[in-house]
1. Determine whether the stretch 252-272 contains at least one residue that is of a type in the set (Val, Ile, Thr) and either within 30 Å of Tyr63 (Cβ to Cβ) or without any contact (Cβ under 8 Å) to a residue 24 or more places away in the chain (or both).
2. More than 26 Å from the chain's Cα centre (by Cα) and in contact (Cβ under 8 Å) with a residue 60 or more places away in the chain, is that true of Gly285?
3. Quick one: count up the residues across the stretch 66-98 that are assigned to a helix (DSSP H, G or I) and without any contact (Cβ under 8 Å) to a residue 12 or more places away in the chain.
4. Given the conditions (1) modelled with pLDDT of 95 or more; (2) over 30 Å from Arg90 (Cα atoms), and given that Gln213 satisfies all but one, which numbered condition is not satisfied?
5. Since Asn167 meets every condition but one in (1) buried (at least 17 other Cβ atoms within 10 Å of the Cβ); (2) in contact with a helix residue (DSSP H, G or I) (Cβ under 6 Å, 6 or more places away or on another chain); (3) not basic (Lys, Arg), which condition does it not meet?
6. Looking only at the stretch 241-253, how many residues end up being part of a loop (DSSP other than H, G, I, E, B) and surrounded by 14 or more Cβ atoms within 10 Å (Cβ to Cβ)?
7. Please state which one of Phe102, Phe111 is in contact (Cβ under 8 Å) with a residue 24 or more places away in the chain, touching a Lys or Arg at 6+ places or on another chain (Cβ under 8 Å) and hydrophobic (A, V, I, L, M, F, W, C).
Amino acid sequence: MAFFKKLFEKKDKDPVPQAPPQPAVPQEAPLTRDDFEEVEVLGKGSFARVVLVRRRNNPSQFYAMKVIDKKTILEHKRTRDAFIERDVMRRLPHPYLLHLFFTFQTDHKLFFVVDYMPGGDLDKYLNSQPNKAVDLQTTQLYAAQVFLALKFLHRNGVIYRDLKPENILLSHAGHCILADFGLSKDFGSQVDQMQAQSFVGSPFYVAPDVLRQKDYTNAIDYWSFGILVYRMLYGRAPFSGKTMKEVFDNIMTKDYTFPAGVPGDEGARDLISKLLVKDPLRRAGAAEVEASPFWNGLSLADVEAVKILPPRWVPLPPTEQLVAQRAAAKSGQAAVPPTSSSAPAAVTHTQPGAAPLTAAQQAQFTDFE
């Protein structure tokens, strides 16, 4: 297992120069952490925690604040990922990509202030459904939203590289929003040179092109997209195994099958069969995906204009009401002493006595704002 962890941490040999980042939002004065009030901790990942916050001068305006500890990403040599994530979100606004409002830093932490997505992530939503799957109509709409986001990224020189349900967030209205761009490869305007080598991705969704440890292109995103469509419709990934090595071997060498029992899934099977092709040169790209009969009855133009609502999603109440409901639910539970993982202020603030970063370390975060 340690071998595969090391593989997934390998970096591209020759980083491509990035396009100059554009301002996310015009600001009269730079914002800081103190302009926001912490409400509650939403979750955590490998290198970040996310806190629900609101503007102190406008308490009805809620955001999600992603907080990254500088020392942690320095230790893991992941500082570049934070800048890539910032640049992609600043440069590429799209209805199905997470919107970045502000970035700033303190001596110990980096902050991304983004749209709050109260629906949680798609993985949790799928796991809450009967058979861990959604109906064909919802699969069709969610697949369309993700496809349009991927196509937009590719058209603008970005290979996403980590498509999976955990990285797809759900809005108040239940729309899919692609997030977490730290593993993306941003080629800027060099769209015709989109080739990478890093061994990155998530085990059940990673493409065989990546597993071969040779150069690959944005075709890897369409393999992962095929896995995602399969997962949404059938409740599981098409390739599995008792160990990661077995999963990877199956991805590289085995065929997959379609479960029975989903009426009218012929279009989905057609699309998946064109995406889960081990040879990337024969795998469907944007044009073939767009022409698929899977979209029959659905206007991709209407999806891109956000004119179509998820058919079975119950819209969530306003954030302020959600916060009040969660607070009321917690008040009926036994009191638990706050910790660094449960107290939002402890996430956004540095603990007393924390060792300062050296000047050389701080220099790696110059111009993060």
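1. Within the stretch 252-272, one or more residues are of a type in the set (Val, Ile, Thr) and either within 30 Å of Tyr63 (Cβ to Cβ) or without any contact (Cβ under 8 Å) to a residue 24 or more places away in the chain (or both).
2. Numbers: more than 26 Å from the chain's Cα centre (by Cα): no; in contact (Cβ under 8 Å) with a residue 60 or more places away in the chain: yes.
Considered against the rule, which asks whether it is more than 26 Å from the chain's Cα centre (by Cα) and in contact (Cβ under 8 Å) with a residue 60 or more places away in the chain, Gly285 comes out as no.
3. 1
4. Only one criterion in (1) modelled with pLDDT of 95 or more; (2) over 30 Å from Arg90 (Cα atoms) is unmet by Gln213, namely (1).
5. (2) is the only condition that Asn167 fails.
6. The qualifying residues number 1.
7. Working: Phe102 fails: touching a Lys or Arg at 6+ places or on another chain (Cβ under 8 Å).
Result of the check over Phe102, Phe111: Phe111.
Yes/no per residue for (1) in contact with a strand residue (DSSP E or B) (Cβ under 9 Å, 6 or more places away or on another chain); (2) surrounded by 21 or more Cβ atoms within 10 Å (Cβ to Cβ); (3) of a type outside the set (S, T, N, Q):
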| site | (1), (2), (3) |
| --- | --- |
| Val88 | yes, yes, yes |
| Arg91 | yes, no, yes |
| His94 | yes, no, yes |
| Phe102 | yes, no, yes |
| Asp107 | no, no, yes |
| Leu122 | yes, yes, yes |
| Ala133 | no, no, yes |
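The values are calculated or read from the model by the stated rules, or taken from the named source; none is laboratory data. Remember, predicted model here, so these are calculated numbers, not experimental data. Note that we place each Cβ from the backbone using ideal geometry, even for glycine, and neighbour counts take in every protein chain shown.
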